[in-house]
Amino acid sequence: RQALEAITHPRIWAAMEAWLAQQQAAAAVVEAALMVETGSWRRYDRLLVVSCNPELQRARLRARGGFDDATADRWLGAQLPLAEKERVATAVIRNDGTQAALAAATDAAWGRVIAAG
C-alpha cells in the first residue's frame, strides 16, 4: 500500500492543487479519506471532519462494502481513529443520526466556514 500511495498521492495532490487554482469561488471543498493520515490537511485553511460513533462507522462500512468483521476492521485499522482526526479539525460534523440531521449539521458548518472568510 505504501508503494502505491507513493506513486498516486503526489499526482492526486498536484491535480487537486491545479483544480483549486482554477476555482473562482470564495471557498472550495476537497474530500480525501486519508487527508489527516498523509498530513495533506495542512495544505488547506480549514479542515472539516465528518465523524460518527466508531461502532456506527464499522456497521456502515460492513453494510456498504458487504464486509465481514475482520475485513471491516482491517479497513478501519488502515485509518487513524476518528477521535484523532477530530483533534486536528477546525470543525466536526456529527453523522450519528438521520440524513436530515447530517444535512443540517453540514449547512451549519459551511455557514461558519463562509462567515470566517
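The values are calculated or read from the model by the stated rules, or taken from the named source; none is laboratory data. Just so it is clear, the structure is predicted and the values come from calculations on it, not from any experiment. When we count neighbours, we look across all protein chains shown, and the Cβ atoms used for this are built from the backbone with ideal geometry, even at glycine. SASA here: full protein model, heavy atoms, side chains in, ligands and nucleic acids out. Shrake-Rupley method; radii C 1.70, N 1.55, O 1.52, S 1.80 Å.
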Q: Determine the gain in length on full extension of the stretch Ala104-Trp75; use 0.36 nm per residue of separation and subtract their C-alpha separation, reporting nm with one decimal.
A: 7.6 nm
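With a cut-off of 8 Å between alpha carbons and a minimum separation of six or more residues, what is the relative contact order of segment 1-99 in percent?
On the way: 53 pairs, mean separation 33.8, N = 99.
This gives 34 percent for segment 1-99.
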(Q) Loop-only GluC sites (Glu not before Pro) in segment 11-117, please: DSSP not H, G, I, E or B, and at most 13 other Cβ atoms within 10 Å. (A) Glu31
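Count the net charge of all other residues whose Cβ sits under 13 Å from the Cβ of Asn53, scoring Lys and Arg as +1 and Asp and Glu as -1.
Within the 13 Å Cβ shell, the charges total 0.
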Q: Would you tally the net charge around Ala72, using a Cβ to Cβ cut-off of less than 13 Å, leaving Ala72 out, and scoring K and R as +1, D and E as -1?
A: +1
Q | GNM flexibility winner over the chain from Ala59, Ala25, Ala14 (Cα, springs under 10 Å) | A | Ala25
Q) Hey, what's the chain come to in accessible area per residue, 1.4 Å probe, Å²? A) 68 Å²
Q. Using only Cα atoms, what Kirkwood radius does the chain have, in angstroms?
A. 16.0 Å
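Round to a whole number: what % of the accessible area of the chain belongs to carbon and sulfur, probe 1.4 Å? All intermediate terms of the calculation are to be shown ahead of the outcome.
On the way: 4460 of 7980 Å².
In the chain, the share of accessible area belonging to carbon and sulfur is 56 percent.
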